[in-house]
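K.L.:
Sharing a structure here in structure tokens format.
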Amino acid sequence: MARTTKTESETVRKKPKATIEKLATGIPGFDAVGHGGLPLNRGTLIAGTAGSAKTIFVTHFLASGVHQGEGAVFVTFEDTPEDIRKNMLSFGWDIAAWERAGKWAFVDVSPQPAEETPVVGGYELGGLMSRVEHAVRKTGARRVALDSLSALFTQFPDRRLIRNELYQMVSSLKRLGSTVVFTAERTEDYGLITPSGVEEFVADNVVILRNLLVDERRRRTLEILKYRGANHERGEVPFTIMEDGIIVIPLAAQRLTQESSTKRVTSGSKPLDKMCGGGFFRDSIVLVSGATGTGKTLLTTQFLNGGITDDERALLFAFEESRDQLYRNAAAWGMDFEKAEKRGRLKVINQYPHAMPMEDHLVRMREMIEEFQPNRVAVDSLSALERVFSLRSFREFVISLTSTLKEKRITGLFTSTTPQLLGGGSVTEKHISTLTDSIILLRYVEVNGSMRRSLNVLKMRGSPHDTDLREYDIDGSGMHIGGPFRGVSGILSGQARLIEEDD
Amino acid sequence: MVRFRLYVAGDSYRSQRAIANLRKLGEERLAGRYELNVVDVQRDPDAAEQDRILATPTLIKLDPGPSRRVTGDLTDFEQVLMALALPSGQEI
């Protein structure tokens, strides 16, 4: 299909292009990437190296159909039906029960050494075709999986013949009204789609699954390489495998078309609200950056408390301090978090950063947000996660989380730790400062031989704000923001000096 | 007495060739002492499922045991007999 240039597409824009209808796969996250799902009544190749979750993917696809009352046919060229039943049970897919109910049929073409069949003369795949068509009719299947075509090619020497037979079979399955997915094995993650190039011949669409080792961490990705005649998101997106199967994590797939909110919410501190020009915006993301001991956790606690006092629900993902520690500190500052939690206004989730891969953290956090429906969310700290994620994963994590919060109009506050005590920026900031709407800096400053603290609203997208560096201190009753530092410069660089009279 | 079951797909040219070749082989090499049961996978997919038939034509020798199979339109008799572990050119 020829690529249209910009001018060409503009002229034909008047005529709406008939796009191919999509079938919602039911695999979480995939349908967003596929702009609706997989092309309906077409054949899609799922290609990946060994262990890239191809079988799980196609089984999940079929299982989703069964959950909607449709029939499914699984043609297995490699694993035995018994192995598949056993392996997939851990995802809650009781295939044996579906078989008994007539909703699922296996066509078992797995190799049987006892049946090694020499070839004498010409042949076709008539047996396979009849069995599959029969199974489709018996179950009323709308989804069919062939796993894996590569195994078929090792059984039969004549590639061209097999290719043509497969093409015929997929065509007839499409005519029977089913959407077909078939798997093929790759030998490399980047390069040829498949070693022989045959499987693509049979396919209308190609999806690539990858299981890469990046920075000593496993990283699973999915990429819709092509949809013939249909739209989809481009590029690799991360996915993970959890208790219910595959979860794909689209990165900001939904373009944010809604307007930014102009409604203000409290930061939890009236002086800070004033510095920000009236408070944080409802759907903004605030980054609080400071060295250890500068009061980030206190600011986070105030943020949560501010929400609770305003009758909001506040959710904290705590990766540094335990819930108990947090509640004790809050109590010391006069905030009763136990009570707030009992009233259902506050929830604190403690988690070890290295407990699970990035994708799983993200999925669990989104699930919790969905379940608790908070008005504001805090993450303390992003740096704790950044230390265990790869760079790319970390950035994707932040993009995905901020997208989720903005989509739901939740106010977000993230903390990040600067490695140096005096001045400097954090690595976290370097990577995500463009993704945040507001940045608050907490810095130590040494003046006249004593350690003082400065707070500055560095950025506040969409609002005028106090640009001063103000001194603050922390005591038993919380954070107190005072006047601006006068007569001192170079605080953010860590080299404060008194400004001479005649400067 | 040799018992055969031949799986074919419909009435294609290949199916007819396989049947014709098998009958010829039976007359010439087995002195006519054979039984043939032809199964069309399109009409009886359950039988195809039972016998796990993938390609057609596929010939199964049921007796004398053990059961053996060969796929193709059976053009080369020597190869067919070898594949089915039948003695070539001998009376059964």
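The values are calculated or read from the model by the stated rules, or taken from the named source; none is laboratory data. Everything numeric here is computed off the predicted structure, so don't read it as measured data. Here the Cβ is made from the backbone with ideal geometry for all residues, glycine too, and neighbour counts use every protein chain on show. Surface areas here come from the heavy atoms of the whole protein model, side chains and all, with no ligands, DNA or RNA. Shrake-Rupley method; radii C 1.70, N 1.55, O 1.52, S 1.80 Å.
K.L.:
Being surrounded by 15 or more Cβ atoms within 10 Å (Cβ to Cβ) and at pLDDT 90 or above is the requirement here; does A:Val136 meet it?
P.N.:
Taking the combined requirement at face value, the residue satisfies it.
K.L.:
Can you tell me how many residues within segment A:25-45 are under 20 Å from the mean Cα position of the chain (by Cα), touching a residue at least 24 places away in the same chain (Cβ under 8 Å) and on the phi < 0 side of the Ramachandran plot?
P.N.:
Summing the residues that are under 20 Å from the mean Cα position of the chain (by Cα), touching a residue at least 24 places away in the same chain (Cβ under 8 Å) and on the phi < 0 side of the Ramachandran plot in segment A:25-45 gives 8.
K.L.:
Looking at segment A:34-64 only, could you name the residues that are surrounded by fewer than 19 Cβ atoms within 10 Å (Cβ to Cβ) and among the polar types (S, T, N, Q)?
P.N.:
A:Asn41, A:Thr49
K.L.:
Are any residues in segment A:435-448 open to solvent by 70 Å² or more (accessible area, probe 1.4 Å) and not in a strand (DSSP E or B), and if so, which ones?
P.N.:
Result: A:Asn448, single match.
K.L.:
Given the options B:Leu74, B:Leu86, name the one that is modelled with pLDDT under 90, closer than 19 Å to A:Val119 by Cα and either open to solvent by less than 20 Å² (accessible area, probe 1.4 Å) or among the polar types (S, T, N, Q) (or both).
P.N.:
One residue alone meets the criteria, B:Leu86.
K.L.:
Mind listing whichever residues of segment A:65-88 are more than 18 Å from A:Pro111 (Cβ to Cβ) and open to solvent by less than 50 Å² (accessible area, probe 1.4 Å)?
P.N.:
Answer for segment A:65-88, where residues must be more than 18 Å from A:Pro111 (Cβ to Cβ) and open to solvent by less than 50 Å² (accessible area, probe 1.4 Å): A:Gly65, A:Val66, A:Gly69, A:Glu70, A:Gly71, A:Ala72, A:Val73, A:Met88.
K.L.:
Sticking with this structure for a sec: Give A:Gly490, A:Gly462, A:Gly476 a once-over and let me know the one that is closer than 21 Å to A:Ser438 by Cβ and at pLDDT below 85.
P.N.:
The unique qualifying residue is A:Gly462.
K.L.:
Considering (1) more than 25 Å from A:Ser110 (Cβ to Cβ); (2) crowded, with 17+ Cβ neighbours inside 10 Å; (3) out of contact with any strand residue (DSSP E or B) (no Cβ under 8 Å at 6 or more places or on another chain), say which one B:Gly32 fails and leave the rest.
P.N.:
With respect to (1) more than 25 Å from A:Ser110 (Cβ to Cβ); (2) crowded, with 17+ Cβ neighbours inside 10 Å; (3) out of contact with any strand residue (DSSP E or B) (no Cβ under 8 Å at 6 or more places or on another chain), B:Gly32 is out only on (2).
K.L.:
Check A:Val144 against each of (1) within 13 Å of chain B (Cβ to nearest Cβ); (2) open to solvent by less than 10 Å² (accessible area, probe 1.4 Å); (3) among the β-branched types (Val, Ile, Thr) and name the one condition it does not meet.
P.N.:
(1)
K.L.:
All but one of (1) touching a residue at least 60 places away in the same chain (Cβ under 8 Å); (2) outside any helix (DSSP H, G or I) hold for A:Leu304; state the number of the condition that does not hold.
P.N.:
(2)
K.L.:
Shifting gears a bit: Tally time: how many residues in segment A:280-304 are within 15 Å of A:Val457 (Cβ to Cβ), touching a helix residue (DSSP H, G or I) at 6+ places or on another chain (Cβ under 7 Å) and open to solvent by 10 Å² or more (accessible area, probe 1.4 Å)?
P.N.:
Going through segment A:280-304 one residue at a time, the tally reaches 0.
K.L.:
Among the residues of segment A:211-235, which ones are under 16 Å from the mean Cα position of the chain (by Cα) and surrounded by fewer than 20 Cβ atoms within 10 Å (Cβ to Cβ)?
P.N.:
Answer for segment A:211-235, where residues must be under 16 Å from the mean Cα position of the chain (by Cα) and surrounded by fewer than 20 Cβ atoms within 10 Å (Cβ to Cβ): A:Asn211, A:Arg218, A:Glu223, A:Glu233, A:Arg234, A:Gly235.
K.L.:
So how many residues does segment A:354-389 have that are under 21 Å from A:Pro419 (Cα atoms) and surrounded by fewer than 18 Cβ atoms within 10 Å (Cβ to Cβ)?
P.N.:
2
K.L.:
Scan segment A:169-202 for residues that are outside any strand (DSSP E or B), within 24 Å of A:Arg137 (Cβ to Cβ) and touching a residue at least 40 places away in the same chain (Cβ under 8 Å) and report the count.
P.N.:
Number of matching residues: 9.
K.L.:
State all residues of segment A:58-90 that are of a type outside the set (Gly, Ala, Ser), under 28 Å from the mean Cα position of the chain (by Cα) and not in a helix (DSSP H, G or I); if no residue qualifies, say none.
P.N.:
Matches in segment A:58-90: A:Gln68 only.
K.L.:
Within segment A:102-136, take every residue that is in contact with a strand residue (DSSP E or B) (Cβ under 8 Å, 6 or more places away or on another chain) and part of a helix (DSSP H, G or I) and give me the one that is farthest from the other protein chains (Cβ to nearest Cβ).
P.N.:
Only one residue tops the list, namely A:Val136.
K.L.:
Which of the residues that make up segment A:367-412 are outside any helix (DSSP H, G or I) and among the aromatic types (Phe, Trp, Tyr)?
P.N.:
A:Phe389
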